[in-house]
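Quick notes on the structure that follows.
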Amino acid sequence: MTAVDARPETTTELRFPAGFRWGTATAAYQIEGAATEDGRTPSIWDTFCRTPGKVRNGDSGDIAADHYHRMREDVALMKQLGVTDYRFSVAWPRVQPTGRGPAVQKGLDFYRRLTDELLGAGIRPVATLYHWDLPQELEDAGGWPQRETADRFGDYARIMADALGDRVATWTTLNEPWCAAFLGYGSGVHAPGRTSASASLRAAHHFNLAHGLAAQVLHGALPSTSEISLTLNLHAVRPLTGSEADVDAARRIDAVGNRIFLDPVFHGRIPQDLVRDTAAVTDWAFVQDGDLEVVSTPIDSLGINYYSPTVVGAGSSTSPSPWAGAEEHVRFLPAPGPRTAMDWPVDADGLYELLTRLRDDLPGVPLVITENGAAYDDYADPSGEVHDPERVEYLRAHLSAVHRAIGAGADVRGYFLWSLLDNFEWAYGYSKRFGVVHVDFATQRRTFKDSARWYGDVIARGGLTG
Ligand code: FCB
């Protein structure tokens, strides 16, 4: 070999800080199955799936990835990957079937077993209390537009703190309340499928209140070393041009997409421009004295789910829209560039923009990427391998953006890849595969995709290699 051919040892070019948390994420309804076992009752998603035309192919989470029965195997997969953390959600209707009253021990036992298994594998459990599966009985009583639902959520948080507080140190109250409020009650493409702008705004406030009530309960019940968080799908909003009208369209989406949660939770206030923008929809009388103090109960970190940016200009959108008060002023434009199987643009700069914005807007608040990943049309080839080079590229680009943001001063503590397993992708059913582990839903066979091996390597090295 000549000197010219000699290559230097591969060096880690983008090393993440020591102690950086490397995880994967899932959600109960998307993977557990066992929909009627051990006392579980229907959630709004079980009902929605049974409503003709709502979920592609009539799919449901009845069986999903059968994780309820394959939990040990799935934890073993994570151990093989080398993750330090695992973010899962608790199915409220599994542990408190009617959303009221005493807990069901069998349901709690599943999460006790799961967390024991994780701890035994050296993986930190990160529990999300609400990833969209409201007990149907609470929806029948009015759902999230109804204030009482927030109180019930506080009770449920107490049940979970008592059951898992000795073994779970990191807690997330809600996952993506924007989607739950605005897709669930505004555009109706998610459960429970209602289409009322005013109901969606009421729901958003009650989600904030529920978060604050749960944060108070958790702070009171858990050791002071516990970490309490909230996960938002913040929108990386970009105006199409620098024109005043386009910039104002972006402001509107930032208000009803981002600041509707950020301002109450971190600053104890409702954005006044949002109140003005939505004046024709609601007078906000559902915000009662004292609510904002509860909502702004201090928390320890902010979780961010990011997939792609949002480009807007002046115009109008189709109805029913999830953008209460903004639909007649804003149109949504496709961002350029390659797209995933969801038709979502691949644009890692949006993640960098979000993280540096939060560095500036929320100084002192640690940030965690609680979801990031991509769907592609993966399949096992005849030799049983699943090659997913686009997913590897997506992950590489987004992890590089996280690294760049850390270099620019964003306090990012961890990254959770969505998702561990192919799963039930809400209104898309099983047609979209986000996992780094392929699931053959006919046999429930799990196979590492190339991206899983790649991610395992990143974790082992503590960063990306050149
Ligand atoms: C997020 C959800 C998650 C998953 C990804 C693709 O909005 O939190 O459950 O469906 O999108």
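The values are calculated or read from the model by the stated rules, or taken from the named source; none is laboratory data. Just so you know, these numbers come straight off a predicted model, no measurement behind them. Ideal geometry is used to build each Cβ from the backbone, glycine not excepted, and the neighbour counts take in all protein chains shown. Accessible surface is based on the protein model in full, side chains and every heavy atom, while ligands, DNA and RNA are left aside. Shrake-Rupley method; radii C 1.70, N 1.55, O 1.52, S 1.80 Å.
Things to note:
- Annotation: per residue accessible area for the range 248-355 equals 40 Å², rounded to a whole number [probe 1.4 Å, protein chains only].
- Between the range 76-132 and the range 436-463, the alpha-carbon center distance in angstrom: 21
- Cut-off 13 Å between beta-carbons: net charge of the residues surrounding LYS106, Lys and Arg +1, Asp and Glu -1: +1
- Projecting the Cα positions of ALA427, MET160, PHE416 onto the charge dipole of the range 13-460 (unit charges on Cβ atoms of Lys, Arg, Asp and Glu, taken about the Cα centre) puts MET160 furthest along the positive direction.
- Cα gyration tensor shape of the chain, rounded if a/c is under 1.5, else prolate or oblate by comparing a/b with b/c: rounded
- Test item: Cα-centred dipole of the range 1-149, Lys/Arg +1 and Asp/Glu -1 on Cβ, debye: 260
- Rolling a 1.4 angstrom probe over the chain with all protein chains present gives an accessible area of which 50% lies on carbon and sulfur atoms.
- Summing charges over all other residues whose Cβ lies under 15 Å from the Cβ of THR84, with Lys and Arg as +1 and Asp and Glu as -1, gives +3.
- Computed log₁₀ I(q)/I(0) - Debye formula, equal Cα scatterers, no solvent, the range 343-454, q 0.13 Å⁻¹: -0.55
- All-pairs alpha carbon distance profile, the range 345-393, 10 Å steps from 0, percent: 19, 36, 23, 15, 6, 1
- Relative packing of peptides 180-187, 360-367 - highest average C-beta neighbours within 10 Å first: 180-187, 360-367
- Taken as entire DSSP H runs, the helices of the chain that both span 30 Å or more between Cα atoms along their own long axis and average -1.0 or more on the Kyte-Doolittle scale are 197-221.
- Probe 1.4 Å, accessible area per residue of the range 133-231, Å²: 27
- For the chain, calculated [θ]222 nm from helices alone, where every DSSP H run of n ≥ 4 adds -39500 (n - 2.57): -11000 deg cm²/dmol
- Shape of the range 31-178, Cα gyration tensor, a/c cut at 1.5: oblate
- When Rg and Dmax are taken over the Cα atoms of the range 174-235, they come to 13.6, 41 Å.
- Peptides 429-439, 202-212 ranked from most to least packed give 202-212, 429-439, packing being the mean of other C-beta atoms within 10 angstrom over each peptide's residues.
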